[in-house]
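Read the structure below first, then the notes.
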There are 2 protein chains.
Amino acid sequence: MNPAVDAPHESSAPTLAVVGATGAVGTVMIDIINSRPSVPWGEIRLIASTRSAGKQIPVRNVLHVVAELTPEAFDGVDIAMFDVPDEISQQWAPVAVQRGAVVVDNSGAFRMDPDVPLVVPEVNAAAIGHRPKGIVSNPNCTTLSMMSAVGALHHQFGLTELVVASYQAASGAGRAGVDRLYAELAAVAGKSVGLRAGDVTEALTAAGLPEQSPFPAPLALNVVPWAGSLKADGWSSEELKVRNESRKILGIPDLKVSATCVRVPVVTTHALAVHAVFAHPVSVEQARKVLAGQPTIVLTDDPEAGMWPTPAAVVGTDPTYVGRLRQALDFANTLDFFVCGDNLRKGAALNTYEIAELLARR
Amino acid sequence: MNPAVDAPHESSAPTLAVVGATGAVGTVMIDIINSRPSVPWGEIRLIASTRSAGKQIPVRNVLHVVAELTPEAFDGVDIAMFDVPDEISQQWAPVAVQRGAVVVDNSGAFRMDPDVPLVVPEVNAAAIGHRPKGIVSNPNCTTLSMMSAVGALHHQFGLTELVVASYQAASGAGRAGVDRLYAELAAVAGKSVGLRAGDVTEALTAAGLPEQSPFPAPLALNVVPWAGSLKADGWSSEELKVRNESRKILGIPDLKVSATCVRVPVVTTHALAVHAVFAHPVSVEQARKVLAGQPTIVLTDDPEAGMWPTPAAVVGTDPTYVGRLRQALDFANTLDFFVCGDNLRKGAALNTYEIAELLARR
C-alpha cells in the first residue's frame, strides 16, 4: 500500500478513485464527496465503463472527465471505491490492488472471503486492519440498512437471533429499477386497478411497457417476495446475504438468522421489521439509551404523536432511523422494531465512502 | 335461535341479513352470494345506515332495496352478517340476537369475549357450537389472511412460536383507504419523487390532497409501520389482534407471537412474512404435502420458475396462497414462508359468509 495513505499530509494527500462513477450508487458517492465540509483527498479520479467515459461531472466545484476503466487508470490511486457488478469487481479489483490501490468494494464478489474484511465503521472498524488482499468489502444494502442499530444493540446486550422481513426499494435494482417503478406508476395511475387478479399486469401491457423488467413481477400496487437469485433450498441470494454478512460483521459465526426479502413500490430507502433476541435482559428504556447514544442513529419513536420512520420521510439522508421499539410480549430478552435507511447512502455509497475515509485517516 | 336454521328445509330456508351492505366488505359479501352456484337462504335482506338506505342492489338477479338499520329490520332474520364499526356492532348485534338472529360479526367488538367463538371454518369449525351470546366473531383480516395455512401446519406439527411481518393493503382501511391510495398515486405519477425526504408529502400537498387521510403518513411510494390504534407499551391494536386472535383460533393460549404490522401501497390483498416454530420436526416436503391437501390453500412455490404469490396476482380470489416455503437454516423445527390472501374476501367477507353457511347447514 502507498505509504501516503497510512500517513497523509498536505503535500501527499491520497488519491481517491470512484469506479462506476456514473451509476446510481456512484452518483451518490460523488454527492457525498461534494457535500462534505472537508475531504482528505488530493486528486479525485472518476472511472466508468467505455460507454460512460468522457462524461463531465463536477466534483467539489471542479469539472472532472470520466476516465475509462483500464489498468493504467489506477496508476497513482491510493484508494479506489468500486460500485460495479460482481464480475467486474472480481476482474478489476485485483488489477487496482496490483497498481497500488486499496479497494473498497460494494459488490458481492469478496464479502464472504475470509481474507477480505466486511466493514461498517461504527460496528467493526478494527476489522479493516487485516486486509491481506488489499480489498475491503462493503456489505449488501439490506444488511447495511439495519446494521448500525443491530450492532449497537449487540454490543450492549449480546445478539443471539434475528428474524427479519424486508421492505426493499426499487433503487436496490439500480437506475433501471427506479425507471421501471416510475413507468409502472404512470401506467396504473388514474385507473381502478389492483382489484382483480392480473389487472395490474394488464394495465402495464396496455400502456406499452416491455414485459422485461428488473423485477420478476409488477411492482406498482404490489409487493414481490423476491430479490436476487435462487440459492439452495429455496432461499434467495439476498436473504442469505442478510444472514451471512450479519454474522461476519457482528463477529457471531453462530448467529441464528431467518430473513424474508420483499421488494416494495418505494423508490429509495430500505425498511426492515426486526425481531432481535439477546443473551441478556433488555428493556425498551435501555435500548433507547443505547440507540440514542449512537451518532449514526436517529430514534423516531413516539407512536402517540404518530412518529415512526417511513422511507419517504427519511430518503436522501445519512442516518439509520429506528422506531416502533417494543419489548416482545412472549419472548425473553427480545426486541421488535422497525428500521429505515437510505439504501443508496448508508446502504451503499455512504458506508463505502466512510470506509475509504477510515483508510485515508489511519 | 330459530329452529329453521338448525334444520333447514325447502319451505323454511333461513333468512340472511347483510348489515353494512354498502361498505367495502358488504359489497364483497353480496358478490360472494351472487357468485355461489346455490345458497341455503330463503329471504336475503340488505341493511345499512340511514345514509345508504333506499339504495337498490341486485342479489341473485333480484333487485333488493337496502333497509335502514332498525330493531325491526331483524324481525324474522335467522343469521345476520355484520360488517360495521366496532361501536355499531357493540350496540346492534345484541339487538339482532334479541330479535332471534345469530350474528356473525366482523368487527373487533366481540372477538376476545370468551363467550363468543372466533371461527375460521377450516381451522376450528367445532368452536361454533358454543355461542351463549348468539354471536360468532370473524377474525381480523390480517390474522385471517394467514390462518388457513398456519392452522393446517399447526394441526400437523404443533405450532409454538410465530414471528410475523405484514404487508397490508389500503382496503383494510375501507373504501376511504382505497380512494386515498388512488388519489395519492395520481398525485405522484409522472414526477421524480421519493428521492428526497418529504418530497412525496410535498407532491400530495401540491396536488391539493387534503392533509387528513385514512393513513397516518403518505402511502404512495412509501410503507407505513402502523395500523390501528396505540395500545400499551408501543404495540398497535392490529399487532395485538394478530397475537391474541391467533392464540384463540388455534386454541394455544401460550402461543408466542410477535407481529409488526405495516401498510403498503397495494389496493387489496394482505401479505405476511411468517416465521413459524413447531413442537415437532418439519421439512418443506412434509409442509407442502399438508398445505397441498387443504382445499382452501394454493401452493404457489417454484422460485426456479419465478413462482411465488403476490397481492396483484391473487386479488379478488378466495384461496390463501403460500409460497417461498423454506426450512429455517438456524432454527429447529422452523419454517419461513410468505402468504397472501385477499383481505376483503378470505380476510373478511368470505370467511364471514362461510361461517354463516356453516350455521345454516348445521
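The values are calculated or read from the model by the stated rules, or taken from the named source; none is laboratory data. This structure is a prediction, so every number in the text was calculated from the model and none was measured. Note: ideal-geometry Cβ built from the backbone for every residue, glycine included; neighbour counts use all protein chains shown. Note: areas computed on protein heavy atoms with side chains; ligands, DNA, RNA excluded. Shrake-Rupley method; radii C 1.70, N 1.55, O 1.52, S 1.80 Å.
Odds and ends about this structure:
- Residue within segment A:185-196 that is more than 26 Å from A:F110 (Cα to Cα), of a type in the set (K, R) and within 10 Å of chain B (Cβ to nearest Cβ) present: yes
- Condition check for B:A273: at pLDDT 95 or above, in contact with a Phe, Trp or Tyr (Cβ under 6 Å, 6 or more places away or on another chain) and open to solvent by less than 40 Å² (accessible area, probe 1.4 Å): yes
Let's see how each residue does on (1) polar (S, T, N, Q); (2) closer than 21 Å to A:D330 by Cβ; (3) within 14 Å of chain A (Cβ to nearest Cβ):
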residue	(1), (2), (3)
B:A109	no, no, no
B:V123	no, yes, no
B:N138	yes, no, no
B:V150	no, yes, no
B:T160	yes, yes, yes
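- Residue match in segment A:235-248 (condition: among the aliphatic types (A, V, I, L, M), over 21 Å from A:V188 (Cα atoms), more than 8 Å from chain B (Cβ to nearest Cβ) and assigned to a helix (DSSP H, G or I)): yes
- Any hit, segment A:169-182, residues being more than 13 Å from chain B (Cβ to nearest Cβ), among the aliphatic types (A, V, I, L, M) and out of contact with any Gly (no Cβ under 9 Å at 6 or more places or on another chain): yes
- Any hit, segment B:250-266, residues being closer than 14 Å to B:A169 by Cα, touching a helix residue (DSSP H, G or I) at 6+ places or on another chain (Cβ under 7 Å) and at the interface with chain A (Cβ under 8 Å from one of its Cβ atoms): yes
- Candidates in segment B:209-229 are the residues that are part of a loop (DSSP other than H, G, I, E, B) and open to solvent by less than 10 Å² (accessible area, probe 1.4 Å); of these, the one that is farthest from the other protein chains (Cβ to nearest Cβ) is B:A227.
- Qualifying residues in segment B:291-319 (those that are surrounded by fewer than 21 Cβ atoms within 10 Å (Cβ to Cβ) and acidic (D, E)) - the one farthest from the other protein chains (Cβ to nearest Cβ): B:D318
- Being touching a residue at least 24 places away in the same chain (Cβ under 8 Å), open to solvent by 30 Å² or more (accessible area, probe 1.4 Å) and not hydroxyl-bearing (S, T, Y) is a description that does not apply to A:L350.
- Candidates A:D31, A:D83, filtered to the one that is under 22 Å from A:K248 (Cβ atoms) and either β-branched (V, I, T) or within 24 Å of the chain's Cα centre (by Cα) (or both): A:D83
- Candidates B:V282, B:V266 - the one that is buried (at least 16 other Cβ atoms within 10 Å of the Cβ) and either more than 20 Å from the chain's Cα centre (by Cα) or polar (S, T, N, Q) (or both): B:V282
- Hits in segment A:34-83 (condition: touching a strand residue (DSSP E or B) at 6+ places or on another chain (Cβ under 6 Å) and in contact (Cβ under 8 Å) with a residue 40 or more places away in the chain): A:W41, A:V66, A:L69, A:A73, A:V77, A:I79, A:A80, A:M81, A:F82
- Scanning segment B:232-249 for residues that are open to solvent by less than 20 Å² (accessible area, probe 1.4 Å) and either among the aromatic types (F, W, Y) or touching a residue at least 24 places away in the same chain (Cβ under 8 Å) (or both) yields a total of 8.
- Filtering A:S192, A:S229 for residues that are under 30 Å from B:L344 (Cβ atoms) and polar (S, T, N, Q) leaves a single hit, A:S192.
- Residues of segment A:59-89 that are over 27 Å from A:G172 (Cα atoms), of a type in the set (A, V, I, L, M, F, W, C) and open to solvent by less than 30 Å² (accessible area, probe 1.4 Å): A:A73, A:F74, A:V77.
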